[in-house]
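Colleague: For reference, the structure I am asking about is given below.
The values are calculated or read from the model by the stated rules, or taken from the named source; none is laboratory data. Here the structure is a predicted model, which is why all the values come from computation and not from measurement. Cβ placement follows ideal geometry from the backbone for every residue including glycine, while neighbour counts extend to all protein chains displayed. Please note that ligands, DNA and RNA were not included when accessible areas were found on the heavy atoms of the full protein model with its side chains. Shrake-Rupley method; radii C 1.70, N 1.55, O 1.52, S 1.80 Å.
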Amino acid sequence: MKVTPLRAALAVLLLACGVLVAAVWSELRGPALPAAEALAPPDAEQVARGAYLARAGNCMACHTARGGAPYAGGHGIETPFGTVVAGNLTPDPETGLGRWSPEAFRRALHEGRSRDGRLLYPAFPYAHTTLMTEADVDALHAHLRSLPPVHQANRPHTLRFPYDTQAALVVWRLLNFTPGRFQPDPAQSAEWNRGAYLVNGPAHCAACHSARDALGGASAAFGASDLPDGHWFAPSLSDPRQAGVQQWATERIVALLQQGRVDGASVMGPMADVVFHSTQHLQTDDLRAMA
Ligand code: HEC
Ligand code: HEC
């Protein structure tokens, strides 16, 4: 058989399709992880560190229903594709994370995959928690394991077709998600790197302060963004014509994140929640690094 350019092109095309199908298939078919063996109780220092990181990550705000038990889930997050419900993170064995091993917890935060192998919706900011160190993720797990278990089954998500399929998540992930830990920039100071880690990792500031495309992918990090609920606009933190914080003294940004207001500026709506639940509880050194 003669190899014509057309045949060669066809072969390449077939090969490319094969590779794509294999990639999608391996993404779809993540293994379920076994239930945890009885874990030793978490140590107090790890729990305290995890509690602090949970503040920075504002985990409780999403994982608590209005008026509900802390971390017991049931809070719906509205997106243009439907509502995604954040689940129960308390150590209840049936409805919470009681049977999760540290490995399963790491896989959820680093790879966005649940213990049963299901891909998670990016309303959970795992595109940011993927940057967190293993020690910090384990500390978060320790903190959650120290909570009183609450037996409360999760409400189902109400997403429109085709967004309710795992295939839609594979597409989103191919376009928008690269798992990987934070890489410090050796040209910058330790304080700069600590700030970059907190802002881009656990505190996921860019989850709101980034422009998003029609498929919900973040483009232009720290550009401005209409929030997915359709009501709020998070200003660009890098464009001086918007929030203008580049021209602020560091201490003024720190004060805003601590108190929610400074002379001439105050936070509102979703940002007021961020200050109330998260940044006001952080150490001043960390806020300065973030600023
Ligand atoms: C902006 C809201 C939001 C924040 C902040 C958030 N989550 Fe979530 N989280 C979600 C949603 C929504 C889901 C459900 C995703 C799904 O089911 O596909 C989820 C799922 C999870 C899961 C998987 C649960 C399961 O049963 O598979 C874990 C673990 C988790 N979150 C831990 C955390 C931790 C730890 C933090 C803080 C660092 C955090 N989340 C911060 C919204 C959030
Ligand atoms: C849940 C979405 C959300 C998250 C997460 C979020 N922000 Fe915001 N942010 C907003 C919105 C909406 C505004 C605009 C309303 C306002 O100015 O209060 C805003 C405003 C701001 C402003 C400008 C205030 C002004 O008056 O110009 C700063 C500074 C800021 N955010 C910093 C941060 C930092 C730092 C983080 C990470 C710790 C963060 N934001 C995380 C939604 C968010």
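Colleague: Has region 198-219 got any residue that is closer than 30 Å to P162 by Cβ, modelled with pLDDT of 95 or more and assigned to a loop (DSSP other than H, G, I, E, B)?
Modeller: yes
Colleague: From E27, E78, E45, which residue is outside any loop (DSSP other than H, G, I, E, B) and modelled with pLDDT of 95 or more?
Modeller: Values: E27 fails: modelled with pLDDT of 95 or more; E78 fails: modelled with pLDDT of 95 or more.
Sole residue among the options that is outside any loop (DSSP other than H, G, I, E, B) and modelled with pLDDT of 95 or more: E45.
Colleague: Condition first: surrounded by 14 or more Cβ atoms within 10 Å (Cβ to Cβ) and in contact (Cβ under 8 Å) with a residue 24 or more places away in the chain. Now tell me which residues in region 252-272 satisfy that.
Modeller: Across region 252-272, the qualifying residues are I253, V254, L257, Q258, P270, M271.
Colleague: Okay, next question. What number goes with the only condition from (1) open to solvent by 60 Å² or more (accessible area, probe 1.4 Å); (2) part of a loop (DSSP other than H, G, I, E, B) that L15 does not pass?
Modeller: The number of the failed condition is (2).
Colleague: Inspect region 148-155 for any residue being touching a strand residue (DSSP E or B) at 6+ places or on another chain (Cβ under 6 Å), of a type in the set (S, T, N, Q), touching a residue at least 60 places away in the same chain (Cβ under 8 Å) and assigned to a loop (DSSP other than H, G, I, E, B) and give the result as yes or no. Let's see the steps before the verdict.
Modeller: Step one: list which residues in region 148-155 are touching a strand residue (DSSP E or B) at 6+ places or on another chain (Cβ under 6 Å), which gives 154-155.
Retained after the next criterion (residues that are of a type in the set (S, T, N, Q)): 154.
Narrowing further to those that are touching a residue at least 60 places away in the same chain (Cβ under 8 Å): 154.
Still in the running and assigned to a loop (DSSP other than H, G, I, E, B): 154.
Yes, region 148-155 contains a residue that is touching a strand residue (DSSP E or B) at 6+ places or on another chain (Cβ under 6 Å), of a type in the set (S, T, N, Q), touching a residue at least 60 places away in the same chain (Cβ under 8 Å) and assigned to a loop (DSSP other than H, G, I, E, B).
Colleague: I'd like to verify a number: residues in region 102-118 that are surrounded by fewer than 17 Cβ atoms within 10 Å (Cβ to Cβ) and in a loop (DSSP other than H, G, I, E, B), how many?
Modeller: Number satisfying all stated conditions: 3.
Colleague: Let me confirm something: among A139, A207, A168, A196, which residue is within 13 Å of ligand 1 (Cβ to nearest atom) and out of contact with any strand residue (DSSP E or B) (no Cβ under 9 Å at 6 or more places or on another chain)?
Modeller: Working: A207 fails: out of contact with any strand residue (DSSP E or B) (no Cβ under 9 Å at 6 or more places or on another chain); A168 fails: out of contact with any strand residue (DSSP E or B) (no Cβ under 9 Å at 6 or more places or on another chain); A196 fails: within 13 Å of ligand 1 (Cβ to nearest atom).
The match here is A139.
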